[in-house]
Each structure stands twice: as C-alpha cells, then as structure tokens.
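Comments concern the structure below.
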Amino acid sequence: MSWLEDQARGLVRECRRTLPDGRAVFPPQVGTGYEAFWLRDYAYMLEGAPDAFTEQELRESLRMFLDAQQPDGTCVDCVTFDGRPILKPGMGTMGENPVADGSQFLVDVAYCTWKRLGDAELLQAILPRLEKALQAVPTQEQTGLVWIDPRKTWDRCPYGFTDTVVKTGAELFSSLLLYQSYIQIAEMEAAGGRLEDSKKYSQKAADLKESIRNTFWDEQIGLFVAATHRCRQPDIWGSAFAVYLDVATPAQARRVGEYFRDHYSRIVQAGKIRHLPGDVFWEACKTPPDTYQNGGFWGVPAGWFAAALWPVAPTLAEKTILDFVQDSRRRGFAEWVQGDTIRLPKYVASACAPLPGFRRIVEEQTRRESPE
C-alpha cells in the first residue's frame, strides 16, 4: 500500500500541466493521449490521493469545473486546456445529449475538495451550484434512476468509463453515482447548517437505493445488470461498486462476492477487471471485442472488486491486490490491458481509483487482527 500510494502521488504530480494563466490542470495520463482536463478522472485522483494536490490547485480545479457548468446545471465531460466546456464524450461527438455522469462527478470533486480543505465558506458558496447540478441529472420520474431514452438511437453516453457502450433505459452505474452524490451532498448540507436540505437528500438516497436493488438485480446470475433496455447484461464493475457503496443488500453482496470468487479467472487479469463476465461482449458498443471497454481489463475498479470479494474469499482478494502491484511494477499503471496488449502505462486513475477499496481491506484486516 505504501508503494501504491507513493506511485499515485507521483503520477498526479507528473501528469500536471500549467496553463498560460498559471493554473494547473491534471489530464488523465502522463504524456500525450487525453488532451483535456477530465472531470471523472480528476475525481478518482482526489478520491485516491487527495494529499497530492496543493490547496491552490484544489480550489482552482474545482472553480474550473464550476465555471464550465451550464446555466441549467448541466456539467461537463471534460474541459479543454483553453477553457472550453465539453458536455459529451468524444470531444462532443458522442450522443445527442450531455453525458449522464457529469453532475455526479462534480459533486464528488466538490465533496473531496471540501473534505481536504475543511472550508466552511467554500461550502456555502458551492452548495447551490451542486443542488442545481443534481437537478440536471436525467432521471426516470417514478424510480429516480438515471435514464437514457431508449426511443432514440443514441440519446447520451452513460458512465464515462463505458461511454462507447450504447446502453438505454435505466442505467446502473450512473444511478450508483447519483446515490453517492446524495449521500455526499447530505453530509455537506448538514455541515453547512442546512438540516432540512440534508434530510431531503438522505431520503432521496434511501429511495434510490431501493430502486437500484429492485430494478437491476438478476437473482438467477447473482449480479446487477448494466441497464434495463439495451445492454441488459451482467455488470461486473457496477456490481462491485454497488457492494462497495453498501447499496446491495447483505444477501446480494454475498452473491456478488461468490460470483467473483467462482468466475475469478475469467474476469480478472493481472489484478485488473473486465466490465462483463468472461467471453461476453456488449450488445451495442462502438469498440471491437477484446479491446478497450469491450473486453479489456482495467485497473480503475480493482478496489471496489477486491472489497466486494474480500468477505467471501479474502485470500483471493489479497491476490488481486498483490497481482495488481506486481503488474504495475512491471508494466506501469495501464489504462487497460489484454494479454500482452497494454494501453497508456501511466494512466493516473489506474493508480488512484483502486486505493480507497484497497485501504478498506487493510483497515478491516488490522481491525480483525488487533487484540480486543
């Protein structure tokens, strides 16, 4: 863990670029590859390595994404280095409407920034903007789930790490992110003395949790599915994240852990995780099989996966972490791998995003091993 944390902090500093006006930005990788400042990648950097940033960098980065927010509350996919807001993946080319996870990741960035800075004045200034962001999330009225219109050929991209997957209907991962946002903003509202608003968002979180449990769970397989219409397929990342967030019921969490244990060799490679079960590919995807988001193995979800697996198979969960470390030492923190294929060996989210889940396992081990 010490090595991983040092590497994560180092990659954050190495990916940093300075804009002509002196502000810092943190693109997803060291070197060329993604030439903009991506909101969700930055959120994962903050989740895993919040101490890698200076206070000025934290304030300026949050301000950059707040300034890019649209008048109706809509949030970006990324911001170009010259400050242009990009609302849709593919630098604005994918889908008819803005990406489904922008608001949720703005709340996450704001929450992580506030937790690091502990600034009450900042909190009061940003809460109205965050409330407006959450109002802009496309949701189904009766369930509160994030909704992608199935009547359209390509309404909008879902969760950005599946932006080439044309999911429709209610979408699991963005709904999980919305649940996380409600929990985060409820805490921020309470800290700001806005107790009625805090209660409102806590209730929204509780209602959304029930909707997720009841809508996406596949009892026969023992996993949550990715969407309710197109791409209604078992979602490895989403199932792991549902357990990690404590959205899954105890029985569902156990089933997910057992599935991960029983199918481990087909969904894990070098400590990295596939989006779908082994040999399964997306029903509708813009990338070929066995590449990128359609069969590649990724580091980003490794922490959620290991944390979901650990209560059922602790040795296998520890193997996931150790294999992840070993491969990262040998080949770098790749965006994704497939056998000998490796893409972007200094992808910062691959170093940062797994850390909270890995830390949870270490903390639980320490708690269990300490004398009463």
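The table below lists the values:
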| item | result |
| --- | --- |
| Kyte-Doolittle mean at least 0.0 and Cα axial length at least 27 Å: DSSP H helices in the chain | 172-191 |
| Test item: Cα-centred dipole of region 76-121, Lys/Arg +1 and Asp/Glu -1 on Cβ, debye | 80 |
| Accessible area per residue in Å² at 1.4 Å probe, computed on the chain | 40 |
| Kirkwood hydrodynamic radius over Cα pairs of region 164-310, then Stokes diffusion coefficient at 25 °C and 0.890 mPa s, in µm²/s | 155 |
| Computed E for Trp154/Asp72 - FRET, C-beta separation, R0 25 angstrom, nearest 0.05 | 0.75 |
| Sequence-separation-based contact order of region 1-72, relative, with Cα cut under 8 Å and 6+ spacing, percent | 28 |
| Contact order normalised by residue count of the chain, Cα under 8 Å, 6+ apart, percent | 15 |
| Point-charge dipole on Cβ atoms (K/R +1, D/E -1) for the chain, about Cα centre, debye to 20 | 440 |
| Residues in region 329-357 that a label on Arg16 would reach, taking backbone N under 19 Å of a point 7 Å out along Cα→Cβ | 346-353 |
| Centroid-to-centroid separation of region 340-372 and region 293-339 [C-alpha atoms, Å] | 9 |
| Region 1-81 - charge dipole about Cα centre, Lys and Arg +1 at Cβ, Asp and Glu -1, debye rounded to 20 | 140 |
| Separation between Cα centres of region 105-177 and region 216-277, rounded to whole Å | 21 |
| More than 18 Å apart - percent of Cα-Cα pairs taken over region 1-150 | 58 |
| Proximal lysines relative to Lys319, as straight alpha-carbon distance under 29 Å, when same-chain residues fewer than 8 apart are discounted | Lys272, Lys346 |
| Sequence-separation-based contact order of region 132-236, relative, with Cα cut under 8 Å and 6+ spacing, percent | 26 |
| HN-Hα J in Hz across region 70-76 - Karplus 6.51, -1.76, 1.60, θ = phi - 60°, x for Gly and Pro | 7, x, 7, x, 4, 10, 8 |
| Principal axis box of the chain, alpha-carbon based, largest edge first, Å | 52, 48, 45 |
| Given Lys132/Lys286; Lys167/Lys209; Lys115/Lys167, the pairs whose alpha carbons are separated by over 28 Å | Lys132/Lys286; Lys115/Lys167 |
| Heavy atoms of Asp207: accessible area, 1.4 Å probe, square angstrom to 10 | 80 |
| Listed residues Thr54, Thr113 arranged by accessible area, highest first, probe 1.4 Å | Thr54, Thr113 |
| Within the accessible area of region 125-246 (1.4 Å probe), percent carbon and sulfur | 45 |
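The values are calculated or read from the model by the stated rules, or taken from the named source; none is laboratory data. From a predicted model like this one, the values you see are computed outputs, not experimental measurements. Quick reminder, even Gly has a Cβ in these numbers, built from the backbone with ideal geometry, and neighbours come from all protein chains shown. Protein only, heavy atoms only, side chains kept; ligands, DNA and RNA dropped before computing areas. Shrake-Rupley method; radii C 1.70, N 1.55, O 1.52, S 1.80 Å.
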